[in-house]
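The values are calculated or read from the model by the stated rules, or taken from the named source; none is laboratory data. The shown structure was predicted, so the numbers you read here are calculated from the model rather than taken from an experiment. Methodologically, a virtual Cβ is constructed for each residue, glycine included, from the backbone with ideal geometry; neighbour enumeration extends over all protein chains shown. When the accessible area is computed, the model is the full protein with side chains, heavy atoms only, and any ligands, DNA or RNA have been set aside. Shrake-Rupley method; radii C 1.70, N 1.55, O 1.52, S 1.80 Å.
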Amino acid sequence: ALAAAVAACLMCSLTVVAQPVPSDSADAHAEIRSYENELKNEDNSYKYQFETSNGIAQQEQGVGGYYASGSSQYYAPEGQLIQLTYTADENGFQPQGEHLPTPHPIPEAILKSLEWNRNHPEEEQEEALYHSASHSHGAHGGQAGHQHGEQYLQAPASAPAAPSGLPYERKI
C-alpha cells in the first residue's frame, strides 16, 4: 500500500509538469533551473528536487517502499500559488495544503451525543444485550402467543428502564 501511495504521489507531481501548455504561454518556454537526483543503494534511500523558471518546484526524500516526504508548488492558471506537502508511510498518503478540501465541522448535537456515549459505555452494552435478547425471542418462535415483530414493542421484564430524554438533550 505504501508503494502505491508513493507511486500515486509521484504521478501527481509529474502530471503538474507534464500537462499540455499552449505554445504562446510563458510556461511553454519554462526552463529547468535546478535538478538533483540521488539514490543510495546501500539503504535504498533517495532524494530528488527540481525547480523551473515558471515557479514549479518539487522535492522528495525517502526510503523506497517504506517512507517518503516532500513538497511541490506551482502556479494555478488563475495565478494562485499552490503548495503541497506530504508524507507517505505506514499510515498512507497524507497531503497538506491550503487548496485541499476540508471536512465540514461536526454539528454540536452530534459531538454531545458522542461524548455522552463515550462517558456511558455501560448503557450501550445494556442496549446491545436488550436487542440481542429481543432477536432471540418471539421472531424465532421462542415465546408462545407473540406475533412476528411484537418483541420490539415490549421490553423483557429483565431489561432496565429506558433513560428519559435523548443523550444530546441531557446536560453533560
Quick one: would you say E115 is modelled with pLDDT under 70, surrounded by 10 or more Cβ atoms within 10 Å (Cβ to Cβ) and more than 30 Å from N37 (Cα to Cα)? no
Candidate set from region 75-94 (those that are open to solvent by less than 90 Å² (accessible area, probe 1.4 Å) and outside any strand (DSSP E or B)); member that is nearest to V63 (Cα to Cα): A76
What about Y35, is it of a type in the set (F, W, Y) and exposed (fewer than 14 other Cβ atoms within 10 Å of the Cβ)? yes
Quick test of your reading of the structure: D27 fulfils all but one of (1) open to solvent by less than 70 Å² (accessible area, probe 1.4 Å); (2) outside any strand (DSSP E or B). Name the failing condition by number. (1)
If we scan region 95-111, do we find a residue that is free of Cβ contacts under 8 Å to residues at least 40 places away in the same chain, in a loop (DSSP other than H, G, I, E, B) and of a type in the set (S, T, Y)? yes
